[in-house]
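Encoded as structure tokens, the structure appears first; notes follow it.
We did not get these values from a lab; they are worked out from the coordinates using the rules stated. Worth saying up front: this structure is predicted, and the values here are computed from it rather than measured. As a convention, Cβ positions derive from the backbone with ideal geometry for all residues, glycine included, and neighbour counts pool all protein chains shown.
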Amino acid sequence: MKLLEIPALVDFELYYRPVIATKITKPVCCFLGHLNERIAAELLLGIASHYKLCVIGYLARDSVLGAAPIEQWGMVRQNELPELMSKVDIFIFPYKLNEFTRNIFPYKVYQCFAQGKAIVSSRLPAMSRLGDLVYWADELPEFLRMIEAAAGEGCEIKIRRQELARQYDRSVQLAEVEARLRQQLLNKKTAIPCCGQNQDETKFK
């Protein structure tokens with residue numbers, strides 16, 4: 001059986017916000033998601049000591065970030081998330097690199113891109129195809145430099161992100177998946193071999 005890969009999808013119209021040319025002097029950074037063993041919490045701690053950092057998602061009470069100068073915005077409803085994200089300038093993806101995370105492509109990428117938002121991320125191999133639309137970093141000093149660079153970017157790259165996110169709109173991608181499934185079923189039907197006699201031609205003696 002041939003498997004169809006369904007990519008990360010986004011409700012583009014829900015998340016879209018017009019790009020506005022603004023000068024960012026004090027960027028608001030954000031970690032979006034669950035803080036678990038796949039996330040390098042020490043990088044978030046370091047970033048929080050230099051920039052305003054908020055967390056949208058689940059943060060355990062015993063988390064190392066519990067006492068850090070971080071705004072915890074908590075869990076939010078899906079329909080409330082786009083507006084909350086619009087208050088953020090730069091999203092941080094501080095993943096640890098290991099055999100598990102090397103295949104991770106966070107679904108939230110296109111949510112951020114639909115708003116034209118910059119992402120500063122660890123070098124996840126599965127995300128490499130995004131190229132210069134993402135700011136790549138390994139250690140804390142590089143994350144800080146990339147945040148500074150992202151704060152000074154212009155409108156052109158933000159619009160490029162939105163154009164890519166539009167291609168991964170849920171309705172567009174699901175329509176393409178449906179078309180490919182229909183084609184596979186059609187190919188399967190036409191490829192069925194004819195074996196033996198036609199049933200109508202079978203004679204019993």
Computed label-point distance, nm, for sites E13 and E156 using a 7 Å Cα→Cβ extension: 3.2
What ranking of C155, C29, C54 emerges when the number of other C-beta atoms within 10 Å of each C-beta is taken as an exposure proxy, fewest first? C155, C54, C29
Summed residue charge, Cβ within 13 Å of W136's Cβ, Lys/Arg positive, Asp/Glu negative: -1
Where in segment 82-114 are there trypsin sites (Lys or Arg not before Pro) that are in a DSSP coil and have at most 12 other Cβ atoms within 10 angstrom of their Cβ? K87
Quick one: net charge around L43, please, counting Lys, Arg +1 and Asp, Glu -1 for every other residue with C-beta under 12 Å from its C-beta. -3
For a paramagnetic label modelled at 7 Å from the Cα of E139 toward its Cβ, which residues of segment 39-61 fall within the zone defined by backbone nitrogen distances under 14 Å? 43
Residue by residue through segment 105-115, the couplings from Karplus 6.51 cos²θ - 1.76 cosθ + 1.60 with θ = phi - 60°, in Hz, x for Gly and Pro, are 10, x, 4, 6, 4, 6, 5, 5, 5, 4, 9
Which cross-chain or sequence-distant (5 or more) residues have an amide H under 5 Å from the amide H of K52, H modelled 1.01 Å from N in plane? C29
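If you wrap a convex hull around the Cα atoms of segment 12-167, how much volume per residue is inside, in Å³? Kindly include the intermediate steps, with their values, before the conclusion.
Working: hull volume 16.2 nm³, N = 156.
So the per-residue hull volume is 104 Å³.
Using Cα pairs under 8 angstrom and six or more residues apart, how large is the relative contact order of segment 12-167, in percent?
Details: 256 pairs, mean separation 42.5, N = 156.
The normalised contact order for segment 12-167 reaches 27 percent.
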Ranking I92, I39, I20, I104 by Cβ neighbours within 10 Å, fewest first, what do you get? I20, I104, I39, I92
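Once the other residues with Cβ under 14 Å from the Cβ of E153 are scored (Lys, Arg +1; Asp, Glu -1), what is the net sum?
Numbers: positive: K23, K117, R145, K158, R160, R161; negative: D89, D132, E148, E156.
Here the count lands on +2.
So what's segment 8-102 giving for Rg/Rh, alpha carbon basis, Kirkwood Rh from the mean inverse pair distance?
Taking Rh as the inverse mean 1/r over Cα pairs, Rg/Rh reads 0.97.
I need the calculated FRET efficiency for the pair E148 and S171, taking r as the beta carbon distance and R₀ as 45 Å, to the nearest 0.05.
Details: r = 37 Å, r/R0 = 0.82.
For E148 and S171, the calculated efficiency is 0.75.
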